[in-house]
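The values are calculated or read from the model by the stated rules, or taken from the named source; none is laboratory data. Computed from a prediction, not measured in an experiment: that's the story for all the values here. As a convention, Cβ positions derive from the backbone with ideal geometry for all residues, glycine included, and neighbour counts pool all protein chains shown.
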Amino acid sequence: MRSFLLLALAGATAMTACSASVEPPAVPTTPQGSRHPERRGIALLPVSGLQTLAKPGEDFVVEPRRSLAVTDEVILARFSLEEVMNRLAEQSGIPGLTGLRLYQEWWDSQRKAPGLGLGGPHCGDSLLPDGKPGFNGFSFTCPREEWRQALENPFVEPATNPAAYVPIGLFNRFDLAAEDGSDCGEYRIVFARRSGLTDPNKRNLIAFEGVLPNPKPKKGLEGCRKVARFWAELSQEPDAAARAEALHRFYFEGVGKFPPVIHIDHFGNATEHGTGQVRTNQFMHNIWTLREFRLRKRCTGDTCVMRFEPDTVKTNPAGVLFSAKVDHPQKEAFAEALVSQVEALATNDLLRYTLDVEDRFNSGQSNSSGTENLYAHQLGNGESPLRRKLQERLNSLGIPLTPANIVARTQTLTCAGCHQLSTGASLGGGLTWPTKTTLFTFVHVSERTTEEGPDGPRFALSEALVGTFLPARQQLLEAFLERRPPFDKHPGPDDECEEVRGARAGEKDKPGKDKPGKDRCDEDDD
């Protein structure tokens with residue numbers, strides 16, 4: 001079988017700019033099971049213990065720092081924020097839209113109108129009953145100091161400009177592929193503002209998290225096999241420059257029938273399939289917060305605009321909904337919704353308990369400092385309707401956890417919890433959320449810490465990522481490629497096609513035989 005990595009190196013046809021589309025709905029429908037940007041799809045499938053990791057000599061041995069989390073400076077030098085922004089602007093097909101304009105309008109959304117006066121969304125557009133800024137009916141810090149980036153050009157003199165962005169990681173999230181194969185997972189590029197390298201009060205991180213559609217959805221998850229092979233084969237390529245070129249093609253041009261990751265439809269513009277997002281970890285204000293944006297193109301007649309629009313932070317219920325003291329019109333409905341998912345949250349596996357939050361409960365920010373997203377603090381120690389309902393549900397299911405355990409597990413699934421608030425938290429059932437050192441406060445890949453790798457300096461990863469999350473992703477990717485449980489239920493199309501090709505080889509020289517027509521096995525060679 002041809003190496004998919006070699007195919008990537010050989011070249012692929014770049015995607016052309018898409019044509020103008022009809023105006024999408026105000027908030028694209030998010031497919032059920034795709035609301036959580038970290039836990040969905042095959043990530044939740046039970047895989048045998050870590051002893052099932054492939055061993056040297058087997059077909060697929062995944063090296064995590066080559067095939068799952070790439071932070072080598074020599075490889076990342078091939079990537080730039082300017083190229084990402086310019087490519088997205090070009091794909092819009094909107095005359096006059098540049099990557100710089102797209103960037104500046106994005107950050108203009110972090111202050112009150114009129115800002116640049118270009119008509120985009122601003123953080124004070126929605127107000128709560130008390131007259132303060134809100135988002136989705138919950139409190140929203142406005143303005144944020146990040147708005148000042150609307151006046152900057154991060155693309156000039158990128159090696160020295162404090163406003164420029166440095167690429168610090170490429171992340172393979174094949175583990176987030178939909179179980180039905182409707183998409184092939186999420187692929188990320190993380191950038192960090194250069195000023196944050198030296199000034200902790202001037203940090204800002206941006207993660208472009210593109211969901212890659214399956215070009216052969218009728219084949220289900222098997223349609224994703226080539227993209228899984230592509231990443232796995234990076235582990236066997238000793239040349240860092242070759243890996244850099246292959247990865248650049250994967251992100252910007254696509255390989256085989258897979259489109260490029262960097263495409264407007266993969267960051268929120270598409271509505272017909274699961275789509276990704278852009279998330280930020282913002283440190284330029286006194287409250288450190290994580291936010292979410294979606295890139296949306298909207299057309300009225302022949303006039304189109306495209307912007308990064310602030311969105312709710314998924315699986316981030318507003319802290320007030322847990323409060324025993326503060327009222328909110330959504331509290332009763334949220335309590336019922338949370339109680340209905342106690343069983344999923346009680347799964348006694350650190351990586352597989354989960355929660356599906358209706359978007360009406362999500363806030364527009366996930367604060368990693370302060371008490372807004374500290375759910376245990378909001379719940380308190382006294383009696384409350386939420387605590388009582390959770391206990392009743394736990395009792396009815398015979399689950400030996402407490403309401404505090406369920407709330408603590410819910411918190412770990414938020415951005416703020418995973419990045420900071422849940423560090424070292426006891427979750428009941430013998431589970432403890434991974435700890436991190438002070439070097440990785442609020443982040444899992446640090447622009448402020450480097451280490452020496454086999455190919456030179458690379459940005460360091462948190463202990464939680466290296467010790468807990470990456471081994472599980474490695475285990476799952478290897479199990480999929482080796483067709484080990486839970487991916488061993490059916491013979492793969494590649495196996496079937498090998499048999500077909502073998503039969504053809506034996507028949508092709510027989511006289512009187514017609515040339516077979518093109519079928520699925522021919523398509524697999526594309």
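Points worth noting:
- Just one residue in the set Leu88, Leu68, Leu97 is under 30 Å from Arg484 (Cβ atoms), touching a strand residue (DSSP E or B) at 6+ places or on another chain (Cβ under 7 Å) and at pLDDT 95 or above; that residue is Leu68.
- All conditions but one from (1) free of Cβ contacts under 8 Å to residues at least 60 places away in the same chain; (2) within 21 Å of the chain's Cα centre (by Cα) apply to Arg229; the one that does not is (1).
- Checking Thr435 against (1) modelled with pLDDT of 95 or more; (2) surrounded by fewer than 18 Cβ atoms within 10 Å (Cβ to Cβ); (3) in a loop (DSSP other than H, G, I, E, B), the condition it does not meet: (1)
- Answer from Lys218, Lys202 - the residue that is surrounded by fewer than 20 Cβ atoms within 10 Å (Cβ to Cβ) and without any contact (Cβ under 8 Å) to a residue 60 or more places away in the chain: Lys218
- Filtered residue count, segment 249-299, keeping only those that are hydrophobic (A, V, I, L, M, F, W, C), assigned to a strand (DSSP E or B) and within 15 Å of Tyr187 (Cβ to Cβ): 1
- When the residues of segment 405-419 are filtered to those that are in a helix (DSSP H, G or I) and either among the basic types (Lys, Arg) or touching a Lys or Arg at 6+ places or on another chain (Cβ under 8 Å) (or both), the one that is nearest to Asn316 (Cα to Cα) is Cys415.
This table checks each residue for (1) more than 20 Å from Arg225 (Cβ to Cβ); (2) at pLDDT 95 or above; (3) touching a Ser or Thr at 6+ places or on another chain (Cβ under 6 Å).
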{"residue": "Arg458", "(1), (2), (3)": "yes, yes, yes"}
{"residue": "Arg473", "(1), (2), (3)": "no, yes, no"}
{"residue": "Glu496", "(1), (2), (3)": "no, no, no"}
{"residue": "Arg501", "(1), (2), (3)": "no, no, no"}
{"residue": "Asp522", "(1), (2), (3)": "no, no, no"}
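Yes/no per residue for (1) closer than 16 Å to Thr402 by Cα; (2) touching a His at 6+ places or on another chain (Cβ under 9 Å); (3) not basic (Lys, Arg):
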| position | (1), (2), (3) |
| --- | --- |
| Phe334 | no, yes, yes |
| Ser340 | yes, no, yes |
| Leu350 | no, no, yes |
| Val357 | no, yes, yes |
| Phe361 | no, no, yes |
| Leu374 | no, no, yes |
| Leu379 | yes, no, yes |
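- If you go through segment 90-119 and keep only what is under 25 Å from the mean Cα position of the chain (by Cα), under 20 Å from Asp265 (Cα atoms) and in contact (Cβ under 8 Å) with a residue 60 or more places away in the chain, you end up with Glu90, Gln91, Ser92, Leu102, Glu105, Trp106.
- Only one of the listed residues (Asp180, Asp175) is in contact with a helix residue (DSSP H, G or I) (Cβ under 9 Å, 6 or more places away or on another chain), within 24 Å of His263 (Cβ to Cβ) and at pLDDT 95 or above. That residue is Asp175.
- Subset of segment 213-253 [touching a Lys or Arg at 6+ places or on another chain (Cβ under 9 Å) and among the basic types (Lys, Arg)]: Lys216, Lys219, Arg225, Lys226, Arg243
- Answer residue from segment 438-463, given it is in a strand (DSSP E or B), touching a residue at least 12 places away in the same chain (Cβ under 8 Å) and among the polar types (S, T, N, Q) and is nearest to Val166 (Cα to Cα) among those: Ser446
- Just one residue in the set Val211, Val261 is crowded, with 17+ Cβ neighbours inside 10 Å, over 21 Å from Val74 (Cβ atoms) and in contact (Cβ under 8 Å) with a residue 24 or more places away in the chain; that residue is Val211.
- With respect to the conditions (1) surrounded by fewer than 16 Cβ atoms within 10 Å (Cβ to Cβ); (2) touching an Asp or Glu at 6+ places or on another chain (Cβ under 8 Å), Ala159 lacks only one, and its number is (2).
- Any hit, segment 120-138, residues being buried (at least 21 other Cβ atoms within 10 Å of the Cβ) and on the phi > 0 side of the Ramachandran plot: no
- Annotation: Pro238 fulfils all but one of (1) touching a Gly at 6+ places or on another chain (Cβ under 9 Å); (2) surrounded by fewer than 24 Cβ atoms within 10 Å (Cβ to Cβ); the unmet one is (1).
- For segment 338-358, the set of residues classified as outside any loop (DSSP other than H, G, I, E, B) and out of contact with any strand residue (DSSP E or B) (no Cβ under 9 Å at 6 or more places or on another chain) consists of Val339, Val342, Glu343, Ala344, Leu345, listed by residue number.
- Count of residues meeting criterion [within 30 Å of Leu401 (Cα to Cα) and of a type outside the set (Phe, Trp, Tyr)] in segment 439-473: 14
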